[in-house]
1. Once you put a point 7 Å from the Cα of S275 and another 7 Å from the Cα of V3, both along the Cβ direction, what distance in nm separates them?
2. Could you give the dipole magnitude of the chain about its Cα centre, charging the beta-carbon of Lys and Arg +1 and that of Asp and Glu -1, in debye to the nearest 20?
3. Could you tell me how many cubic angstrom of Cα convex hull volume the chain has per residue?
4. When only Cα pairs under 8 Å and 6 or more residues apart are kept, what is the percent relative contact order across the stretch 303-414?
5. In whole Å, what is the distance between the alpha-carbon centres of the stretch 57-128 and the stretch 141-160?
6. Would you please give the FRET efficiency between D296 and Q402, computed as 1/(1 + (r/R0)^6) with r the Cβ-Cβ distance and R0 = 35 Å, to the nearest 0.05?
7. Return the calculated 222 nm mean residue ellipticity for the chain, to the nearest 500 deg cm²/dmol, obtained by summing -39500 (n - 2.57) across DSSP H runs with n ≥ 4 and dividing by the residue count.
8. If you fit an axis through the alpha-carbon atoms of helix 110-121 and take the longest principal axis of the Cα set of the chain, what angle between them do you get, 0 to 90°, nearest 10?
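Taken together, the values in this text are just the output of simple stated rules run on the coordinates, not laboratory data. Because the structure is predicted, anything quoted here is derived from the model rather than measured. Cβ coordinates were reconstructed from backbone atoms using ideal geometry, including for glycine residues, and neighbour counts include every protein chain displayed.
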Amino acid sequence: MKVVEYPLVNEKLYLHQLKNGMLVKILPRPAYHKVYSNLRVEYGSLDNNFWLSDKKPKKFPAGIAHFLEHKMFDQPTGDAFEQFSHLGADANAFTTYTNTNYLFSSTSQIKENLLALLHFVQQPYFQPTAVENEKKIIGQEIKMYQDDVNWQLYSGVLAGMYPGHPLSDDIAGSLASIQKITATNLLNCYQAFYRPEKMSLLLTGAIDPVEIVNLLETDQNSINRLPGPVGISQDFSAAEGIPAKQFNQTSMPTQRTKAALGLKGLDQVLVNERSGLKYSLALELAFFILFGEISDNYQQLYEKEIIDDSFNFEIQVDRGFHFVVLSSECDDPAAFFTETSNILQHGSQNLEDAVKEFAIAKRDLLGSQIQSLDSLENIISEDQGRLFQQATVLDQIDLLEQLSLADVWQTFQTFWQNCQMSRFQILPKGDI
């Protein structure tokens with residue numbers, strides 16, 4: 001078992017790869033009563049089309065990764081949620097564009113809960129009747145998100161940045177696509193991606209790393225890599241070559257207009273290396289300096305009533321894509337797009353000499369990351385799985401400490417010079 005020390009925050013992370021290929025990461029927090037755990041599978045909504053290691057292409061309906069997450073809780077003995085409840089744990093799961101996550105938290109029976117987590121995720125049980133019934137449940141979830149104005153704003157700007165790309169599909173799929181999903185489809189995707197070598201397990205709380213690793217090795221010794229070809233995620237570089245849509249809009253029942261400016265990154269980011277995480281953090285610092293609440297730009301936009309308290313910027317750097325989205329409710333979306341674009345146009349020039357602003361931004365972000373270590377839930381949510389060389393929030397803190405203003409300036413300049421811009425707005429119903 002490998003031990004990585006982080007002197008800045010006085011923490012130790014324990015890393016171990018089980019014989020079957022599963023990666024285990026343990027961050028002991030002996031002063032806490034609760035334990036959080038997340039089993040992450042490197043399979044998300046972008047992976048509905050993929051290649052097998054025997055060179056055979058596979059194509060499945062949009063939303064199948066999310067559908068698979070739902071059906072994993074079905075077990076021959078009943079609902080896995082009930083088992084966690086009997087063991088005194090809270091369980092949950094969620095799917096993103098690139099991964100699926102299965103979690104539990106508990107203050108007791110930790111070993112029993114951990115084995116329950118591993119066993120239900122490693123035991124597929126897809127019954128055709130249950131799959132058909134699930135379509136109604138997921139259909140209601142899709143309809144709920146279709147009525148969510150903020151989600152539609154986010155989805156709309158993504159579709160504008162990535163036309164023809166799986167990112168333009170909802171994570172849950174569509175009402176039409178989920179009707180095409182079968183129990184056989186689910187099993188095929190499960191066999192391709194739900195393999196120990198494509199899983200990582202993070203635990204944090206009052207646990208003994210040696211004891212946990214011994215438990216896992218004994219339990220997983222009989223669970224080998226699945227026979228058959230392995231799923232290989234599709235290369236989306238061809239789809240990224242499709243130019244972003246410059247502008248799109250729709251109308252929904254909302255009192256105020258919502259506007260989003262998307263910046264589709266096209267520069268190369270190595271997400272399998274720590275340099276990719278450094279890039280992500282440098283980009284976050286750059287936008288914090290340019291658009292954070294303490295910046296002059298933010299104050300001026302706010303005083304001009306171009307933005308309000310809903311203003312937000314989001315940065316995502318992941319497997320196969322990276323982008324930035326600026327969004328806000330506003331009365332004048334044209335002014336929002338013009339003013340934010342103008343700030344970005346002069347971003348490199350403003351960042352080059354932002355010594356004071358950089359120091360404040362770095363201290364603020366570093367402080368919030370260190371403070372977040374008090375939350376076991378946040379430690380879990382910040383985990384990168386196998387991305388960025390198995391990075392955790394501890395690695396983010398280390399890299400933040402090393403970042404210089406020159407790093408931030410260079411990262412922003414490279415991103416800005418290569419990105420494509422897409423504008424999307426949602427107007428109150430009847431305004432179009």
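1. 3.2
2. Numbers: 34 positive and 53 negative charges, 314 e Å.
That gives the chain a dipole magnitude of about 1500 debye.
3. Working: hull volume 64.2 nm³, N = 432.
Per-residue hull volume (Cα only) is 149 Å³.
4. Values: 82 pairs, mean separation 24.8, N = 112.
With pairs under 8 Å counted, the relative contact order is 22 percent.
5. Centre-to-centre distance over Cα atoms comes out at 25 Å.
6. Numbers: r = 27 Å, r/R0 = 0.77.
So the FRET efficiency works out to roughly 0.85.
7. On the way: 17 runs with 183 residues, N = 432.
Calculated from helices alone, the mean residue ellipticity at 222 nm is -12500 deg cm²/dmol.
8. On a 0 to 90 degree scale, this one is about 80.
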